[in-house]
Amino acid sequence: MIIGVPKEIKNKENRVGMVIAGVRALTQSGHQVLIQSGAGIGAGITDQQYAASGANIVATAKDVYSKSEMIVKVKEPLPEEYDLLKEGQILYTYLHLAAEEKLTRALLDRKIIGIAYETIQPDDGSLPLLAPMSAVAGRMATQIGATYLQKDNGGKGMLLGGVTGVQRANVVILGAGVVGMHAAKIAVGLGANVSILDINLDRLEYISDIFGNTIQTLYSNAEQIERTVVNADLVISAILVPGAKAPKLVTKDMVSRMQPGGVIIDVAVDQGGAVETCHPTSHEHPTYVVDNIIHYAVPNMPGAVPRTSTYALTNVTLRYAQMIANLGWKEAVTKDTALRKGVNIANGKLVYAQVAKDLGLPFEPLKL
Ligand SMILES: NC(=O)c1ccc[n+]([C@@H]2O[C@H](COP(=O)([O-])OP(=O)(O)OC[C@H]3O[C@@H](n4cnc5c(N)ncnc54)[C@H](O)[C@@H]3O)[C@@H](O)[C@H]2O)c1
């Protein structure tokens, strides 16, 4: 199969869909990999390195799209890329179609095989192609929070772990899932006073087993949230209610009662955010202040650490790319039920029920 990797064109998106290990694995299996010149630069991979590992470097996105049977990307195609797609082409990337009617229609019209990273799901219900980005965002959240707590960045001037004889910062993490656990890891590592809240007691049990007495686990309800948030120096919102908008767990009133110079990182902003005073920001202008509290709410946090997140992502995407390339998409999704759930669009039909429901478009089960 001819597999193409274009350069990402979304604002400040420096990740790339395939690293050298991927090129090697695919070319050794007899496939051809086309890489757009410069596609890997943001992640630290040069054209020369790709070429040395067996890829063919092509000059433009048009070259990649026109010659490839499968496109491997990171982000969904932008309008300027729609017309580069060709009928029957496999598009393997994050798609997030439920919020993108225009893109969905573009893929349907062009009869693309749209396989979305975010809906590939094994029988245990996990989302293995989303988890690494949550791990990255969780770890970043604590790092970023620590930075904004510094006085020179507008914060109250506090070190997360304090020093001997001095109070440590209170870090409150809402949600003990992937983001929450990774945020906790870094916060505990830096010596902060960490509380983590969740409604899933199994999750809290797990956190408690891992972190022992270095962390306070709390059942999440309005009273506990209010008590911990108003006393927090850093609040990290990391909740997810699958398929739904995030509930506003942190109210404007709670924010106004936090001490000036405190910091809120709303990682869940991509699902609408769990903090009433939060709205999406960007890597260019990541923060704003409400009631003397610094708010950070960037929806694509991993984009800022492309060297880490490219590898974290491609570690989990390559396996399925290989299956699709080796078997063809129909046989691959017949053999692997997790991959089958990744198919959102095929042969001009919307074949993923939840996306069809959210967009109010007709759904048809996948026929192979
Ligand atoms: N901003 C970014 O760049 C970025 C990157 C990755 C993930 N995210 C987002 O971060 C959020 C969390 O992702 P995740 O992978 O950790 O999800 P996850 O499913 O692993 O964890 C979410 C946790 O929230 C808990 N939860 C649900 N309702 C709650 C409530 N009322 N109180 C307390 N906890 C509650 C769940 O029980 C679960 O343990 C999602 O919205 C995800 O889209 C954002």
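Every read-out reported here was derived from the displayed coordinates using simple, explicitly stated rules and does not represent laboratory data. Just so it is clear, the structure is predicted and the values come from calculations on it, not from any experiment. Every residue, glycine among them, receives a Cβ derived from its backbone with ideal geometry; neighbour counts consider all protein chains shown.
Numbers below:
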{"item": "Phi-based couplings in Hz for the range 234-241 (Karplus 6.51, -1.76, 1.60; Gly and Pro marked x)", "result": "9, 10, 10, 9, 9, 9, 8, 10"}
{"item": "Selected from Ala176, Ala25, Ala39 as most flexible by GNM, with the chain as the system and alpha-carbon contacts under 10 Å", "result": "Ala25"}
{"item": "Residue among Lys248, Lys111, Lys341 with the largest mean-square fluctuation in a Gaussian network model of the chain, springs linking Cα atoms under 10 Å", "result": "Lys248"}
{"item": "Relative packing of 8-20, 131-143, 47-59, 91-103, which averages over residues the other C-beta atoms within 10 Å, highest first", "result": "131-143, 8-20, 91-103, 47-59"}
{"item": "The chain, helix-only ellipticity at 222 nm - DSSP H runs n ≥ 4, -39,500 (n - 2.57), divided by all residues, nearest 500", "result": "-10000 deg cm²/dmol"}
{"item": "Theoretical gain in end-to-end length, Lys245 to Ala99 [0.36 nm per residue, Cα-Cα removed]", "result": "51.4 nm"}
{"item": "Residue-by-residue Karplus 3J(HN,Hα) for the range 222-230, coefficients 6.51, -1.76, 1.60, Hz, glycine and proline x", "result": "4, 5, 5, 4, 4, 4, 6, 5, 5"}
{"item": "FRET E, pair Leu78, Gln48, Förster distance 22 Å, beta-carbon r, rounded to 0.05", "result": "0.20"}
{"item": "Positive dipole terminus of the chain, leading residue within Pro280, Gln48, Tyr92 (C-beta point charges)", "result": "Gln48"}
{"item": "Normalised contact order of the chain, rounded percent, pairs of Cα under 8 Å and 6 or more residues apart", "result": "17 percent"}
{"item": "Helix 201-211 vs. the chain, principal-axis angle (Cα, 0 to 90°, nearest 10)", "result": "80 degrees"}
{"item": "Gaussian network model of the chain, springs between alpha carbon atoms under 10 Å - residue of Thr228, Thr27, Thr164 with greatest fluctuation", "result": "Thr164"}
{"item": "With Cα atoms, 0 to 90° folded angle of helix 131-148 axis to the chain main axis", "result": "40 degrees"}
{"item": "Set of the range 53-76 residues, backbone N closer than 17 Å to the point 7 Å along the Cα-Cβ line of Lys10", "result": "71-76"}
{"item": "Mean Cα-pair separation over length for the range 27-154, i.e. relative contact order, pairs under 8 Å, 6 or more apart, %", "result": "15 percent"}
